[in-house]
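Trainee: This is the structure, below, for whatever I ask next.
The values are calculated or read from the model by the stated rules, or taken from the named source; none is laboratory data. Computed from a prediction, not measured in an experiment: that's the story for all the values here. Cβ placement follows ideal geometry from the backbone for every residue including glycine, while neighbour counts extend to all protein chains displayed. The accessibility values were calculated without ligands, DNA or RNA, using every heavy atom of the protein model including side chains. Shrake-Rupley method; radii C 1.70, N 1.55, O 1.52, S 1.80 Å.
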Amino acid sequence: MATSTPAIIKLCSLLLLLVLVWGVFEQPKTCEGGESFACNPKDAATKDLPFCRATLPVQDRVRDLLGRLTLQEKVKLLVNTALPVPRLGIKGYEWWSEALHGVSNVGPGTRFGGVFPGATSFPQVITTAASFNASLWEAIGRVVSDEARAMYNGGVAGLTYWSPNVNILRDPRWGRAQETPGEDPTVVGRYAASYVRGLQGDDGNRLKVAACCKHFTAYDLDNWNGVDRFHFNARVSKQDMEDTFDVPFRMCVKEGKVASVMCSYNQVNGVPTCADPNLLKKTVRGAWRLDGYIVSDCDSVGVFYNSQHYTSTPEEAAADAIKAGLDLDCGPFLAVHSEEAVNKGLLKEVDINNALVNTVTVQMRLGMFDGDRGFYARLGPKDVCSPPHQDLALEAAEQGIVLLKNHGPSLPLSTHRHRTVAVIGPNSDVTLTMIGNYAGVACGYTTPLQGLGNFARTIHRKGCADVACANDTLFEAAIDASREADASVLVMGLDQSIEAEFRDRAGLLLPGRQQDLISKVAAASKGPTILVLMSGGSIDVSFANNDPRIAGIVWAGYPGQAGGAAIARVLFGVTNPGGKLPMTWYPEEYLNNLAMTSMDMRSSPSKGYPGRTYRFYRGPVVYPFGHGLSYTKFVLSIAAGTAPTVVGIQLDGRHRASQNTTATIDSDNVKAIRVTHAKCNRVSVGFDVDVRNVGNRDGSHALLVFSTPPAQDWAPHKQLVTFEKVYVPARAQRRVRINIHVCKSLSVVDRFGIRRIPMGQHNLHIGDLMHSISLKPASSLGLGVIKS
């Protein structure tokens, strides 16, 4: 997929290819506002055909439609710009729309203008992920799908949205870090399932819109040190695939019931993902039972033919992709070459039918063959950028802001003591920067300068012309402003010129002379100096963390259209920050001799390889995963008598303790039980945690529960097993129920990619608390499932 400058280049090249190659076909006429995509009740020739009868089972309607299509018509439906079938009353359809954090106009399926000048632009995903609030993620999805349906009703958007991005943030330099929910597979997977449920609705088999989890799989490099995503072969072990890269996609399909999965540009272990039947047909559709379609990233089939030279002829590439399980091509490749692949005997027409069954079924679940707009016909312009939707964008930004440092404490600022604020920095009065990439046209903006202006008189000096901060020309004016003001707020960081699709970072330090400006302002400032950072990826700000003259540091990510208001409300204490980092902030030295192309997650001390993410990296950090401060203090305790100390794991009856079941032959000394051999639906751990707010401010606390498994050289040294967000008024207490699915959350993956439940002591860490649970084979206890 594409965005920003690379997006324009890529989209232009794609459009050029369409003009050159696609011209042999009639260009699609898409449905305008008020028109039916198909089965128009005013069309006497088609309205009574079986595929138009909404009362019939979907599979019968799909079968009827495909039986009426010629091969030439079928191949034109294999691509994102699907052409019309006029004789059957079916209009053209553009499958490519985006809704990463609001309805976007990145894809050609959506356009703004007229009665739809914009749509609610929520914070970038990495920021929203910092809330650790799954109900918020689903609520955002509901709002985005309301606005998408409204725009579809107005004839300016589609119903198939290729979002969210659920790739793991493996390397902090990745330019698309901003699009992801972070580095932890559990967080990313839960985000995926929550956001997808919000987008797709809860009306049984019907879809409000069709979401898509992307990019499958092991895709987290765009353009680094001469290696780009179009040529990269990700060498991934079975172990890392099972316990890291697959997890979010599996949760998205199995728990979120997503209607689509997108395969990526890269190869995995020598095979393009979009041509790999083990990934697509065997795993996504077979093991996970995807109820939907599989789509390529844009021109991926052309990429593995033209750039990776995976096949000798284009017809072989088309055949390989479709037979591997690809249903839809973003790009013209399959429409151009699939018919000839059939003629050459490389592909059968039934293979094309199987692909179309999946895409047309999704369209029918969306109601596109029902002849009207259906239940969602009521949605229109009044439902886009509505006050409640914009209020949620502000709330999401507030929940995602992370307080990294509060020396003194110096925050929150006071409207009585800090009546004049120097607002400094290249991101101090930005608009587009706040919405990041894959954004649309926002309803409106509140910049940091405008937000702070609601609380104090501001003196605005940029200090740097842009985030590149190439010189100190503007430093003096900024330093003078800090001497005059009661407080100084520096809004610094990154933007899409530094990190973006097809633009990975070279390092983790602030660009140019930003650090120099920050230190000089802090040294001169009359009042407290607060550093606000906008970025998607982590930044090494060790200098600021260690500088006592910098009183506070706040990370705002890319906070969306209301970002400036949210930042100001946090700094002045209207909102108590409760966000926590969804990724590790590494020092610059972490990158020494660490290639982005090295996919191994686990460390190798003998090779000097540090490992990746908090689960496998033990070295120094600037801020750890899960770090985040508050203006109040929370005290946690496990409610007496609620937490078990011993849990028995019962086998499913078909297996006995053996070498295949366990990690050792000796059944009296079982080390680990295969998850597939355990009665997983019978084993869970539940207990209550009391969260007490002992401070004077209301606040929300993200309760993160980590597990340290028994010592195994192939296990993570800790992993997040669950999390809950709880709001607690000042001087009050709330009880939170924690449920841990043992097979899913306390299992680890061995070197062969087999998920096992380690027997022995598992230590659960909740803040400063630790509770130990011993897992044992139920047979060794002489009982079934034990909880004591």
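Trainee: On a straight-distance basis, which aspartates and glutamates could pair with LYS257 in a cross-link, Cα separation under 17 angstrom, same-chain partners fewer than 8 positions away excluded?
Mentor: Partners found: GLU138, ASP202, ASP203, ASP246, ASP291.
Trainee: Give me the net charge for the shell around LEU69: Cβ to Cβ below 14 angstrom, other residues only, Lys and Arg +1, Asp and Glu -1.
Mentor: So the environment of LEU69 carries a net charge of +2.
Trainee: Within 14 Å, Cβ to Cβ, of THR433, how many net charges do the neighbouring residues add up to if Lys/Arg are +1 and Asp/Glu are -1?
Mentor: Result for the local shell: -3.
Trainee: Here's something else I'd like to know. What is the local net charge at ASN266, summed over the other residues whose Cβ is closer than 12 Å to its Cβ (Lys, Arg +1; Asp, Glu -1)?
Mentor: Value of the local net charge: -3.
Trainee: When only Cα pairs under 8 Å and 6 or more residues apart are kept, what is the percent relative contact order across the stretch 634-780?
Mentor: Across the stretch 634-780, relative contact order equals 30 percent.
Trainee: Same structure again: Label-point separation (nm) for ARG457 and ASP768, each offset 7 Å from Cα along Cα-to-Cβ?
Mentor: Label at ARG457, label at ASP768, 4.4 nm between them.
Trainee: Just to verify a number: FRET efficiency for ARG751 and ASP372, C-beta to C-beta distance, R0 = 56 Å, to 0.05?
Mentor: Between ARG751 and ASP372 the formula returns 0.50.
Trainee: On each of the three principal axes of the Cα atoms of the stretch 634-780, give max minus min coordinate, whole Å, ordered largest first.
Mentor: Principal-axis extents of the Cα atoms in the stretch 634-780, largest first: 57, 27, 20 Å.
Trainee: Given a 1.4 angstrom probe, I'd like the percentage of the accessible area of the stretch 394-607 that is carbon and sulfur, rounded to a whole number.
Mentor: C and S fraction of accessible area: 46 percent.
Trainee: Past 20 Å, Cα to Cα, is the threshold; run LYS208/LYS323; LYS254/LYS744; LYS607/LYS744; LYS323/LYS348; LYS580/LYS725 against it and keep the listed order.
Mentor: LYS208/LYS323; LYS607/LYS744
Trainee: Mind checking the dipole of the chain: about its Cα centre, +1 per Lys or Arg Cβ, -1 per Asp or Glu Cβ, Debye to the nearest 20?
Mentor: With only Lys, Arg, Asp and Glu charged at Cβ, the dipole is about 2100 debye.
Trainee: Can you pull the one-decimal nm distance between simple spin-label points at GLN761 and ARG697, each 7 Å off the Cα toward Cβ?
Mentor: Spacing of the two 7 Å Cα→Cβ label points: 3.9 nm.
Trainee: Which FRET efficiency, nearest 0.05, do ASN343 and LYS282 yield, Cβ-Cβ r, R0 30 Å?
Mentor: It comes out at approximately 0.60.
Trainee: If each of LEU71 and ASN593 carries a label point 7 Å out from its Cα toward its Cβ, how far apart are those two points in nm?
Mentor: Those two pseudo-labels are separated by 5.8 nm.
Trainee: On a full-extension model of 0.36 nm per residue, what is the gain between ASP466 and LYS607, subtracting their alpha-carbon distance, rounded to one decimal in nm?
Mentor: Once the chain is fully extended between ASP466 and LYS607, it gains 46.8 nm.
Trainee: Moving to a separate point now. Based solely on its DSSP helices, what 222 nm [θ] is calculated for the chain when runs of n ≥ 4 H residues each add -39,500 (n - 2.57) and the sum is averaged over all residues, nearest 500 deg cm²/dmol?
Mentor: Dividing the helical sum by the residues of the chain leaves -7500 deg cm²/dmol.
Trainee: Taking amide H atoms as placed 1.01 Å from N in the peptide plane, list the residues 5 or more away in sequence, or in a different chain, whose amide H sits under 5 Å from that of VAL532.
Mentor: Here the answer is LEU490, VAL491, MET492, VAL554, since their amide H atoms fall under 5 Å of that of VAL532.
Trainee: Find the relative contact order for the chain and round it to a whole percent, using C-alpha pairs within less than 8 Å whose residues are 6+ positions apart.
Mentor: Across the chain, relative contact order equals 14 percent.
Trainee: Could you give the length gained by full extension between HIS717 and ALA523, i.e. 0.36 nm per residue of separation minus their alpha carbon distance, to one decimal place?
Mentor: 65.8 nm
Trainee: Let me ask something else. Could you list the residues of the stretch 498-528 with an amide nitrogen less than 18 Å from a label point located 7 Å from the Cα of LEU432 in the Cα-to-C-beta direction?
Mentor: Zone members listed by number: 498-503.
Trainee: Quick one: which of 352-360, 464-472, 256-264, 685-693 comes out on top by average Cβ neighbours within 10 Å, and what's the full order, highest first?
Mentor: 256-264, 352-360, 685-693, 464-472
Trainee: Over what distance in Å are the Cα centres of the stretch 49-76 and the stretch 545-573 separated?
Mentor: That distance is 55 Å.
Trainee: Mind jotting down the three principal axis lengths of the chain based on Cα atoms? Whole angstrom, largest first.
Mentor: Reported extents, whole Å, longest axis first: 77, 71, 49.
Trainee: Here's something else I'd like to know. Listed here are the pairs LYS214/LYS718; LYS281/LYS679; LYS42/LYS91; which of them are more than 23 Å apart at the Cα?
Mentor: Pairs exceeding 23 Å: LYS214/LYS718; LYS281/LYS679.
Trainee: Give the distance, in whole Å, between the Cα centre of the stretch 168-204 and the Cα centre of the stretch 270-330.
Mentor: Taking the Cα centre of the stretch 270-330 as reference, the centre of the stretch 168-204 is 23 Å away.
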